[in-house]
Amino acid sequence: MHVTKVLSVNERRACRVIEQSRSTQRYKIIQNDFDDFIRKRTIEIAREFGRYGYERVTEMIRDEGYLVNKKRIELIWRQEGLKVPAKQPKRARLWLNDGSTIRHRPEYRKQRIILVIKSIKKHFFCFKEN
């Protein structure tokens with residue numbers, strides 16, 4: 001503990017001054033291979049299935065035969081900064097998951113003018129009185 005070394009006081013007194021339990025100072029994080037495996041597997045599934053959240057990823061890991069808690073996967077999800085991307089609109093999708101585009105703008109000015117005229121005619125005939 002930093003305070004005990006710098007001020008040369010014992011652990012009990014230092015913990016009492018900063019109002020912290022001594023067990024907190026003695027706690028050591030135990031990292032095992034299973035946690036590393038679950039972390040890697042969670043990241044792999046999140047990359048493979050981009051729209052799946054941590055709950056669905058938990059179900060997939062459980063289906064593989066591993067006993068994991070949803071809260072553990074959620075913790076890993078937050079620590080790794082994983083997020084579900086925004087949902088694409090159903091109509092007029094302009095991009096795919098890999099970032100490529102589906103539709104392109106018209107290549108020629110004449111094509112753009114024709115598209116504008118068609119849209120004007122369409123709107124005009126929609127509101128035309130009989």
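Go through the range 77-98 residue by residue and tally those that are within 24 Å of Asp33 (Cα to Cα) and either touching a Phe, Trp or Tyr at 6+ places or on another chain (Cβ under 9 Å) or modelled with pLDDT of 95 or more (or both).
Number of matching residues: 3.
Working only within the range 50-76, note down all residues that are modelled with pLDDT under 90 and surrounded by 14 or more Cβ atoms within 10 Å (Cβ to Cβ).
Answer for the range 50-76, where residues must be modelled with pLDDT under 90 and surrounded by 14 or more Cβ atoms within 10 Å (Cβ to Cβ): Tyr52, Gly53.
The values are calculated or read from the model by the stated rules, or taken from the named source; none is laboratory data. Values in this document were obtained by computation on a predicted structure and should not be read as measured data. We place every Cβ from the backbone using ideal geometry, glycine too, and count neighbours over all the protein chains shown.
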